[in-house]
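Input: a single structure, listed below in structure tokens.
Every read-out reported here was derived from the displayed coordinates using simple, explicitly stated rules and does not represent laboratory data. Computed from a predicted model, the values in this text were never measured in an experiment. Cβ sites come from the backbone with ideal geometry, for glycine too, and all protein chains shown count toward neighbours.
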Amino acid sequence: MRNTRADAYENTPRDVIATGNEYPTHYALPAHSHRRGQLLYASTGVLTAITSEGSWVVPPRRALWIPPGVTHEVHMGGRVSTRSAYVTPEAARAAGLSERCQVIAVSPLLHELLLEAVDLPAEYDLDGRDGRVMSLLLDEIRRMPVLPLSAPLPREKRLAALCRELLVHPSQEVKIDDMAARAGMSRRHFTRTFREDTGMSFTAWRQQACLLAALTRLGNGQSITQVAVDLGYGNPSAFATAFRRVLGLAPSRYLATPPA
């Protein structure tokens, strides 16, 4: 497996190149960007990526697509093993890959393609098997469904700052009126601006922030009961119901069940 810095091969004359890395618990990659787009796959562990537009949580066997040039920081919730495919801007456009960050499912085929890709030479044979592997990898990325594992940040600076704080210390007990007062806004102005900037109500955003935090904590081995209490849910059952409604599976199954 090739384990190296992305900037070491930015100019490699191939549309797609892949690497793998192993990170210790709580390791953080400071804000940076790549000329190429990056498919960041969490083979094991849970990671969180943050940009100026929001926060994305990537559980095991899911991946985050980061478009070319997007500045991002990455935080490892525990020990994390990644596989990354880096795609030139031209190839990303030709493949129809998104211009926005998004978490996607990873099919068994895409999983195997990523494992294979990291072992290919940097300047693989474009016209042989290796080139076909990389072409199929791009095709498979494009067809993956997008997962609801993000919390967008408002454009309004006061709201963005408050939301960043809430991402660090999320709780269902945070009230709209308290947030509005801290932002120096009326409740009506706060709720209208928040929805205009994020496309969702503050209540829905607060729940999303809590569920994203829950994924990281559960991935680190915390119990469902402890996570529910810490995030301000009335009881584990209420937390499990909210989790299942948004993510489709019970908390105990989600991290253990790779996408089909």
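Between segment 74-113 and segment 31-69, what's the alpha-carbon centroid distance in Å? Here the two parts' Cα centres lie 7 Å apart. Taking θ as phi - 60° and the Karplus parameters 6.51, -1.76 and 1.60, the scalar couplings of segment 133-138 work out to 4, 5, 5, 5, 4, 4 Hz in sequence order, x denoting glycine and proline. Angle of helix 108-117 to the longest C-alpha principal axis of the chain, folded into 0 to 90 degrees and rounded to 10: 50°.
Given axes a ≥ b ≥ c from the Cα gyration tensor, I'd like to know whether segment 1-124 is rounded (a/c under 1.5), prolate (a/b larger than b/c) or oblate.
Numbers: a/c = 1.38, a/b = 1.17, b/c = 1.18.
It is rounded, given that a/c, with a ≥ b ≥ c, falls under 1.5.
A simple packing score, the average count of other Cβ atoms within 10 Å per residue, orders the peptides 170-177, 80-87, 158-165 as 80-87, 158-165, 170-177, with the highest score first. Each of GLU165 and ASN220 was given a label point 7 Å from its Cα along the Cα-to-Cβ line. The distance between the two points is 2.1 nm.
Distance between the modelled labels on ALA122 and ASP177, one decimal in nanometres: 6.1 nm (7 Å Cα→Cβ projection). Our estimate of slack between ALA250 and ARG100, defined as 0.36 nm per intervening residue step minus the Cα-Cα distance, is 51.2 nm. In order along segment 176-188, phi translates into HN-Hα couplings of 4, 4, 5, 5, 4, 5, 5, 7, x, 10, 6, 4, 5 Hz, rounded to whole numbers, per the Karplus curve 6.51 cos²θ - 1.76 cosθ + 1.60 with θ = phi - 60° and x for Gly and Pro. Each label was represented as a point 7 Å from its Cα along the Cα-to-Cβ direction; for SER52 and ALA31 these points are 0.8 nm apart. Here the convex hull built on the C-alpha positions of segment 129-260 has a volume of 142 cubic angstrom per residue. Between ALA250, ALA181, ALA213, the residue with the greatest mean-square fluctuation in the GNM of the chain (Cα pairs under 10 Å linked by springs) is ALA181. Counting 0.36 nm for each residue step from ARG188 to GLU10 and taking away their Cα separation leaves a gain of 59.3 nm. Highest average first, the peptides 191-203, 104-116 ordered by how many other beta carbon atoms sit within 10 Å of their residues are 104-116, 191-203.
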